[in-house]
Each structure stands twice: as structure tokens, then as C-alpha cells.
Amino acid sequence: MNRAIFFFDANNWYHNVKKYFNPSEIDIKKVVDFFCKVKGYELVEIRWYASVPSISDGENMYYHHMSYLESLEKKGIKVITRKLQKLSNQEIIKRKQQTINDLDLCKNCQKLVEANFLDLADIKRKEKGIDVGLAVDMIDLAVIENKCDVCVLISGDADFIPALNILTSRKKEVLTAMTPKGYSKELIDSFPYFILRNETLMRCFKDYPGRTIK
């Protein structure tokens, strides 16, 4: 039975899962138990990599986030955090301009949008170091410390491909998993993958099977 460590990219998980369900309804331990049963893995550890907002961003959001992380730790999940960093004005302007360019507007419409384009809530902050930390830990735990035979990456982000290539070159098994939307095609084409469909996520609800499935 292959020893497996599960690495959750919390930001990627949250933004993709919320397209279907409220992420807080899903029991992370049930997700992992599902994989262990289906794939025949021996669970070594579950690791949750998340950015943490500042209390200055809003007390309700901050304490809700910290409460959720605490609930994960109570289930035996290893939580690794980094502070959410503010974007510089230059970075904000660059992202705004890229967003406008992606709309493929005519020249007149683009000028109008540029003149009235205000802040976007989802581009004011960025994660700094959390993805790098996850990638380094995969290599450290699997290759250097040899604590697992399989690295299960719960993320649809193609930025992890270089780290996954190192793992496979050292004869470590790799599996990625994510919902259909937000799953990088490059990631799917490069490594064994598992698409988390609605039916699977429903069975991982905290109150399943008591929940009524519509």
C-alpha cells in the first residue's frame, strides 16, 4: 500500500469549489478518505496551505477564516499559513489593464472602460510564498525525507508542474485533483489526474447522507 501525503492549495480549492458549493460545507477529511479508499493509499498526512488575511481587512472575515483553520487542525490536518500581502499600486494598475485587454473591446469602448475602471476586490491582494512553500515541501517530504510514495496535489494550478516533474523524475507517484472548472489543461495533460465532480463533492459534505440532494 503506497504511503500518501495530501497537499491542499487552499486558495485554488476555495475559488474552484465555490463555483459549485459553499466550500465550508465540505469535510476535507472525507475528501481524503475518499481518495485513500478508491486508490488504496495509506494516509501519512494532510497538509493545508493557506494565506491569512489581516484583521485590518475586516474582523468578521479574519475570525471566520481563523476559526475554519482551527477546525481543520482539530481534525489532525497540518495547517501552513502565510500572510496575505497587499498589491502595490503598480501591480494593481497592471492587473487592471490586463483585465481590460482580455475583454477584447473596440478602441472606443476600451477608452470608456479605462476611464471608469475602479478597484476590483479580487485583485487587491496576492498570496506570497504559499505556493512556493507547498512545492518545496512536496519535494522535501517525498524525495529528501522519503516520508511518502505518493504526493496528492489538490489544485488545478499549472504553476506546480516543475515541482511535480522533479517528483516523477525521482520515481515518486503524483496525482492531481480538482473540480472541472479551474483545472489547468496543461496539468491534466502532464500527470495522472482526478476530476472532482459534483457527485463526489456531495458525498463529502459534513452532514452527508442526511442532506437532501436536489
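Go through the residues of the stretch 31-51 one by one and say whether even a single one is out of contact with any helix residue (DSSP H, G or I) (no Cβ under 7 Å at 6 or more places or on another chain), crowded, with 16+ Cβ neighbours inside 10 Å, assigned by TED's automatic domain parsing to the domain that holds Glu73 and farther than 23 Å from Asn146 by Cβ. There is at least one residue in the stretch 31-51 that is out of contact with any helix residue (DSSP H, G or I) (no Cβ under 7 Å at 6 or more places or on another chain), crowded, with 16+ Cβ neighbours inside 10 Å, assigned by TED's automatic domain parsing to the domain that holds Glu73 and farther than 23 Å from Asn146 by Cβ. Within the stretch 10-17, identify whether any single residue is part of a loop (DSSP other than H, G, I, E, B) and modelled with pLDDT of 95 or more, and answer yes or no. No, that holds for no residue.
So, of the residues in the stretch 205-214 that are assigned to a loop (DSSP other than H, G, I, E, B) and not hydroxyl-bearing (Ser, Thr, Tyr), which turns out to be modelled with the highest pLDDT?
Among them, the one singled out is Lys206.
Residues in the stretch 71-89: is at least one among the aliphatic types (A, V, I, L, M), modelled with pLDDT under 80 and farther than 29 Å from Ala177 by Cβ? The answer is yes; a qualifying residue exists.
The values are calculated or read from the model by the stated rules, or taken from the named source; none is laboratory data. Fair warning: this is a prediction, and the values are worked out from it, not measured in the lab. Cβ: placed from backbone, ideal geometry, glycine included. Neighbour counts: every protein chain shown.
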